[in-house]
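Before any comments, here is the structure.
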Amino acid sequence: MPWFLLTLAIIGEIVGTTALKLSEGFTRPLPGIVAIIGYAVAFYFLAMVLRTIPIGVAYAVWSGVGVAAMALIGLVMFGQKLEPAAIIGITLIVAGVVVLNTMSGTSGH
């Protein structure tokens, strides 16, 4: 159950960050409201997750998956380019999250 809640927190962050971009600096009200709600959902579920999953693991997964997802959304939705260094960095972040979850005794599994 905590990993499902962490997934909901990640989805909230992704929705919030995407809406934040679409709000154009909060000049567009609807995306701005969606951004606030998305972040509220993200932090609510992250707080629930921290009851059972260690903070370092939960935050690493939450932020790492969020970074990778937002890079992909930036590429697909907003036409943003990823330089080779960014691709390498994001790959290392994802690899770190995988190692943390598969090989760490503190992952809360």
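No lab work stands behind these numbers, since they all come straight from the coordinates. Please read all numbers here as calculations on a predicted model, not as lab measurements. Cβ atoms come from the backbone with ideal geometry, glycine included; neighbour counts cover every protein chain shown.
Rounded to the nearest Hz, the phi-derived 3J(HN,Hα) couplings of the stretch 59-75 under the Karplus curve 6.51 cos²θ - 1.76 cosθ + 1.60 (θ = phi - 60°) are 5, 4, 5, 4, 6, x, 5, x, 4, 5, 5, 5, 5, 5, 5, x, 5, where x marks glycine and proline. Extending 7 Å from the Cα toward the beta-carbon at both ILE55 and THR27 defines two label points whose distance is 3.8 nm. Considering every alpha-carbon pair of the chain, the percent of pairs per 5 Å bin, from zero through the bin containing the longest distance, is 2, 13, 19, 21, 18, 14, 9, 3, 1, 0.
Largest GNM mean-square fluctuation among PRO84, PRO29, PRO54, using the chain with Cα springs under 10 Å: PRO84.
Once the Cα atoms are used to define both axes, helix 29-49 deviates from the longest principal axis of the chain by about 10 degrees. In the chain, Cα pairs under 8 Å separated by at least six residues give a relative contact order of 28 percent.
What's the extension gain from THR7 to VAL76 if we count 0.36 nm per residue and subtract their Cα-Cα distance? Intermediate values should be presented prior to the final figure.
On the way: separation 69, 0.36 × 69 = 24.84 nm, distance 2.13 nm.
Fully extending the segment from THR7 to VAL76 adds 22.7 nm.
On the beta carbon distance between THR102 and ALA40, with R0 = 25 Å, the FRET formula returns roughly 0.20.
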